[in-house]
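Structure first, commentary second.
A short reminder: the numbers here are calculations on the coordinates, not readings from a lab. Values in this document were obtained by computation on a predicted structure and should not be read as measured data. Heads up, the Cβs are rebuilt from the backbone with ideal geometry, glycines too, and the neighbour counts pull from every protein chain shown.
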Amino acid sequence: MKSEVAIVKKNIKHKGGRPPKTIIRNELIAVRLFPAEKKEIEAKAEKAGLNPSEWFRIAAKKAKVVPRLSAEETRYLRMLSGMANNLNQLTKLAHSKGLQYMAQACIMLLEKVALIIEKLFKDGREADQW
């Protein structure tokens, strides 16, 4: 029995070394970094006891993705920007013409807006109450 096992073992050639990996990482993502970013990642990886590649993999899996602004949010930001521009223009005008002039101009403008709204809704429709 022992001799049969010895004969079988002699026929099997062992290459030696590490056995081949069953799962091979062969996909690559190239990331461009500033030198400071690279050093920061390397320091964090070293602190965690990992190499930078493994640290990056773990960080990517645990990362929370925050979407960019939606189309509606972008529209709101543009509106706010326009309002800020208008406010700056009114402030500049108030400084040059005086506050009394601005108050009268605003009252006249509000009256015109009220008339336009009245004309728009004179067919019986109701305006939204703000």
Looking at LEU109, LEU90, LEU50, can you tell me which residue is over 23 Å from the mean Cα position of the chain (by Cα), assigned to a loop (DSSP other than H, G, I, E, B) and of a type outside the set (Val, Ile, Thr)? LEU50
Can you say whether GLU118 is without any contact (Cβ under 8 Å) to a residue 12 or more places away in the chain and surrounded by 10 or more Cβ atoms within 10 Å (Cβ to Cβ), as far as the supplied structure shows? yes
